[in-house]
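Undergrad: Below is a structure I'd like to ask you about.
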Amino acid sequence: MRMERASQRISQVARVVTDPSVAAGYCTDFTGRWRGSTPLVALPGDTAEVAEVMRICAEEGVPVVPQGGNTGLVGGGVPMGGEVVLSLRRLTGLGPVDVAAQQVTAGAGVVLSALQRHVRAAGLDFGVDFAARDAATVGGMIATNAGGERVLRYGTTRANVVGVEAVLADGSVVSRLGGLAKDNTGFELPFTGSEGTLGVVTAARLRLVPLLERRATALLGLPGVPAALEALAVLRSLDSLEMAEFFQPEGLRLVRGHTGLPSPTREEHAVYLLVECAAPRDPAPELHAVLESLHASEVVVAADAADRHRLWRYREAHTEAINARGVPVKLDVALPLGELPGFLDDLPSLVGGCELYLFGHLAEGNLHINLIGGQDPTDAVLRRVALSGGSISAEHGVGRAKTPWLHLSRSPAELAAFRAVKQALDPRHLLNPGVLVP
Ligand code: 2HG
Ligand code: ZN
């Protein structure tokens with residue numbers, strides 16, 4: 001009854017989708033693991049409409065799942081309890097690039113690649129980049145504190161946000177889009193990384209970085225992870241280093257089968273390390289000098305931009321190639337670099353009979369462990385991660401998938417503080433119930 005009344009009221013203030021065949025696209029995640037349902041998808045066109053929708057939901061006591069590009073991998077943006085979906089996709093406004101301040105204001109629904117085009121036309125760039133750039137949105141990136149391939153140089157999304165505008169659970173709007181680099185008038189409201197549980201991000205003032213068009217990219221074949229870590233330590237002497245991504249032969253075979261790409265190297269190697277440098281001046285000479293000192297088993301250097309994108313593809317196509325193989329269990333963990341070799345030695349016995357595809361962001365010790373078939377070994381793997389002082393979710397967030405294991409990465413005092421913040425900002429648990437906050 002409440003839901004019916006809420007649906008009717010929402011459809012008077014915002015565009016909505018109720019046709020189940022259209023709504024289905026908002027109810028299933030990218031992997032196909034999370035399949036929910038909703039009576040209504042609200043598609044407000046501006047912040048005022050988002051506020052109206054939230055006010056109605058608060059008045060009717062109806063729960064809401066905020067959603068951006070629906071590229072999440074932990075079930076954090078899917079209506080698993082029949083909630084209203086609040087899609088921010090229509091909030092696509094992009095302000096003028098402030099070149100002096102190196103900032104821009106973007107609506108929550110701006111897709112990452114559209115943001116990149118907009119700011120690159122002004123000679124600047126956004127510091128966060130990853131494979132889902134054509135679908136992931138600014139709001140979703142903030143809500144999940146997205147990481148990606150350039151974290152080693154520019155940090156995660158958190159480091160690239162100056163201020164956020166958000167709608168709270170009661171429909172009130174808080175807005176910090178003024179772009180002041182200095183403003184110590186209190187603490188930050190914790191929207192970044194809150195996974196839609198504390199407020200609905202509607203826009204953000206983003207920090208930009210210089211556009212570095214001179215790039216040098218290479219793929220190294222190495223005998224193992226210890227060798228890759230040694231190479232990384234040397235490569236880190238380069239100020240221009242922007243990317244250090246790794247993958248393995250099992251994943252590479254899947255990617256090649258899926259994309260039809262030829263082998264990137266003459267021989268097969270235990271570990272492939274994809275590195276990229278970017279600088280105002282051609283970084284190729286300094287990268288090549290370092291590569292020569294590394295004793296890699298094999299090195300492939302990109303000749304031009306097309307070649308660079310081809311090399312990226314071997315790494316970036318892992319997610320879609322794995323999806324084409326089956327519905328994966330996805331573990332996104334981080335370990336202190338010194339713990340990686342020992343953890344990786346233990347991993348095969350922990351995952352038992354599952355097919356294991358391993359790749360990720362080496363510089364942050366961030367492993368994407370993708371598993372197909374067999375018994376779900378999540379518990380054993382995440383406990384082992386915690387034993388080494390690692391994180392049970394490095395960049396994808398907690399969502400619904402990882403809530404049972406959050407205590408492995410967060411102390412009782414931290415979890416109590418999470419609950420207190422949730423209680424203060426969303427006392428009736430209308431925002432993304434069941435996600436992140438235990
Ligand atoms: C990436 O690094 C994403 O490409 C996705 O974080 C990782 O599919 C995955 O497991
Ligand atoms: Zn990743």
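Undergrad: Could you run through the stretch 31-44 and say how many residues are in a loop (DSSP other than H, G, I, E, B), under 19 Å from ASP19 (Cβ atoms), out of contact with any Pro (no Cβ under 6 Å at 6 or more places or on another chain) and open to solvent by less than 50 Å² (accessible area, probe 1.4 Å)?
TA: Going residue by residue through the stretch 31-44, those that are in a loop (DSSP other than H, G, I, E, B) are 31-34, 36-40, 44.
Within this subset, residues satisfying the condition of being under 19 Å from ASP19 (Cβ atoms) are 36-40, 44.
Next, only the ones that are out of contact with any Pro (no Cβ under 6 Å at 6 or more places or on another chain) stay: 37, 39-40, 44.
Next, from what is left, pick out any that are open to solvent by less than 50 Å² (accessible area, probe 1.4 Å): 40, 44.
The number of residues fulfilling the criteria is 2.
Undergrad: Continuing with the same structure: Quick one: ALA284 ticks every box in (1) open to solvent by 50 Å² or more (accessible area, probe 1.4 Å); (2) closer than 30 Å to LEU212 by Cα; (3) aliphatic (A, V, I, L, M) bar one, so which box is it?
TA: (1)
Undergrad: Does ARG90 satisfy the condition of being of a type in the set (Lys, Arg) and away from ligand 2 (no atom under 16 Å from the Cβ)?
TA: So ARG90 passes the test.
Undergrad: Quick check on this structure: which one of HIS288, HIS295, HIS309 is of a type outside the set (D, E, K, R), at pLDDT below 95 and either in a helix (DSSP H, G or I) or more than 16 Å from ligand 2 (Cβ to nearest atom) (or both)?
TA: Numbers: HIS288 fails: at pLDDT below 95; HIS309 fails: at pLDDT below 95.
None of the others qualify; the one that does is HIS295.
Undergrad: Give the stretch 385-438 a look and list any residue that's over 22 Å from the mean Cα position of the chain (by Cα), open to solvent by less than 40 Å² (accessible area, probe 1.4 Å) and over 21 Å from PRO79 (Cα atoms), or say none.
TA: Correct list: SER388, LEU415.
Undergrad: Any chance the stretch 98-118 includes a residue that's within 16 Å of ligand 1 (Cβ to nearest atom) and either at positive phi or not β-branched (Val, Ile, Thr) (or both)?
TA: Among the residues of the stretch 98-118, at least one is within 16 Å of ligand 1 (Cβ to nearest atom) and either at positive phi or not β-branched (Val, Ile, Thr) (or both), which makes the answer yes.
Undergrad: Within the stretch 1-25, can you find the residues that are within 25 Å of ALA401 (Cβ to Cβ) and touching a Gly at 6+ places or on another chain (Cβ under 9 Å)?
TA: Restricting attention to the stretch 1-25, the residues satisfying the condition of being within 25 Å of ALA401 (Cβ to Cβ) are 20, 23-25.
Correct list: empty.
Conditions tested, residue by residue: (1) modelled with pLDDT of 95 or more; (2) farther than 20 Å from GLN116 by Cβ; (3) touching a Gly at 6+ places or on another chain (Cβ under 8 Å).
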{"site": "ARG150", "(1), (2), (3)": "yes, no, yes"}
{"site": "GLY155", "(1), (2), (3)": "yes, no, yes"}
{"site": "ASN160", "(1), (2), (3)": "yes, no, yes"}
{"site": "GLU165", "(1), (2), (3)": "yes, yes, no"}
{"site": "VAL173", "(1), (2), (3)": "yes, yes, no"}
{"site": "GLY193", "(1), (2), (3)": "yes, yes, yes"}
{"site": "LEU198", "(1), (2), (3)": "yes, yes, no"}
{"site": "VAL201", "(1), (2), (3)": "yes, no, yes"}
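Undergrad: Follow-up. Taking interchain pairs and intrachain pairs at least six residues apart, which have beta carbon atoms under 6 angstrom, with the first residue in the stretch 33-60 and touching a residue at least 12 places away in the same chain (Cβ under 8 Å) and the second among the basic types (Lys, Arg)?
TA: Short answer, once both residue conditions are applied: LEU43/ARG15; LEU43/ARG90; GLY45/ARG90; ILE56/ARG9; GLU60/ARG2; GLU60/ARG5.
Every residue, every condition in (1) open to solvent by 60 Å² or more (accessible area, probe 1.4 Å); (2) touching a Pro at 6+ places or on another chain (Cβ under 7 Å); (3) within 13 Å of ASN145 (Cβ to Cβ); (4) of a type outside the set (D, E, K, R), yes or no:
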site	(1), (2), (3), (4)
GLY179	no, no, no, yes
THR185	yes, no, no, yes
GLU195	no, no, yes, no
LEU208	no, no, no, yes
LEU211	no, no, no, yes
ARG214	yes, yes, no, no
GLY224	no, no, no, yes
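Undergrad: Residues that are closer than 25 Å to GLY72 by Cα and away from ligand 2 (no atom under 16 Å from the Cβ), at least 1 per element: which helices (runs of 4 or more DSSP H) completely within the stretch 121-239 meet that?
TA: Where helices (runs of 4 or more DSSP H) fall fully within the stretch 121-239 and carry at least 1 residues being closer than 25 Å to GLY72 by Cα and away from ligand 2 (no atom under 16 Å from the Cβ), they are 138-143.
Undergrad: Additional query: State which residue pairs qualify: first residue among the acidic types (Asp, Glu) and inside the stretch 369-397, second residue within 16 Å of ligand 2 (Cβ to nearest atom) and part of a loop (DSSP other than H, G, I, E, B) in any location, beta carbons under 9 Å apart, and separation of 6 or more residues or different chains.
TA: GLU395/PHE130; GLU395/THR144; GLU395/ASN145; GLU395/ALA146; GLU395/GLY147; GLU395/GLY148; GLU395/THR156
Undergrad: For the stretch 81-106, what are the residues that are open to solvent by less than 40 Å² (accessible area, probe 1.4 Å) and in a loop (DSSP other than H, G, I, E, B)?
TA: The answer is GLY82, GLU83, LEU88, LEU91, GLY95, VAL97.
Undergrad: While we're looking at this one, here's another question. Of all residues in the stretch 166-196, count the ones that are more than 23 Å from ASP46 (Cβ to Cβ) and aromatic (Phe, Trp, Tyr).
TA: 1
Undergrad: Out of the stretch 319-350, which residues are within 13 Å of ligand 2 (Cβ to nearest atom), under 19 Å from GLY374 (Cβ atoms) and part of a helix (DSSP H, G or I)?
TA: Listed by number, the list holds a single entry, ILE322.
Undergrad: Go through (1) in contact with a Phe, Trp or Tyr (Cβ under 9 Å, 6 or more places away or on another chain); (2) open to solvent by 20 Å² or more (accessible area, probe 1.4 Å) and name the single condition GLY373 misses.
TA: (1)
Undergrad: Which residue out of VAL78, VAL50 is crowded, with 24+ Cβ neighbours inside 10 Å and under 23 Å from the mean Cα position of the chain (by Cα)?
TA: Exactly one of VAL78, VAL50 is crowded, with 24+ Cβ neighbours inside 10 Å and under 23 Å from the mean Cα position of the chain (by Cα), namely VAL78.
Residue by residue, here is whether (1) in contact with a strand residue (DSSP E or B) (Cβ under 7 Å, 6 or more places away or on another chain); (2) farther than 28 Å from ALA317 by Cβ; (3) more than 16 Å from ligand 1 (Cβ to nearest atom); (4) among the hydroxyl-bearing types (Ser, Thr, Tyr) holds:
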{"site": "LEU350", "(1), (2), (3), (4)": "no, no, yes, no"}
{"site": "ARG383", "(1), (2), (3), (4)": "no, yes, yes, no"}
{"site": "GLY399", "(1), (2), (3), (4)": "no, no, no, no"}
{"site": "ALA413", "(1), (2), (3), (4)": "no, yes, yes, no"}
{"site": "PHE418", "(1), (2), (3), (4)": "no, yes, yes, no"}
{"site": "PRO427", "(1), (2), (3), (4)": "no, yes, yes, no"}
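Undergrad: Check LEU344 against each of (1) under 18 Å from GLY224 (Cα atoms); (2) in contact with a helix residue (DSSP H, G or I) (Cβ under 6 Å, 6 or more places away or on another chain); (3) within 13 Å of ligand 1 (Cβ to nearest atom) and name the one condition it does not meet.
TA: (3)
The values are calculated or read from the model by the stated rules, or taken from the named source; none is laboratory data. Please read these numbers as outputs of a predicted model, since none were measured by experiment. Cβ atoms come from the backbone with ideal geometry, glycine included; neighbour counts cover every protein chain shown. Please note that ligands, DNA and RNA were not included when accessible areas were found on the heavy atoms of the full protein model with its side chains. Shrake-Rupley method; radii C 1.70, N 1.55, O 1.52, S 1.80 Å.
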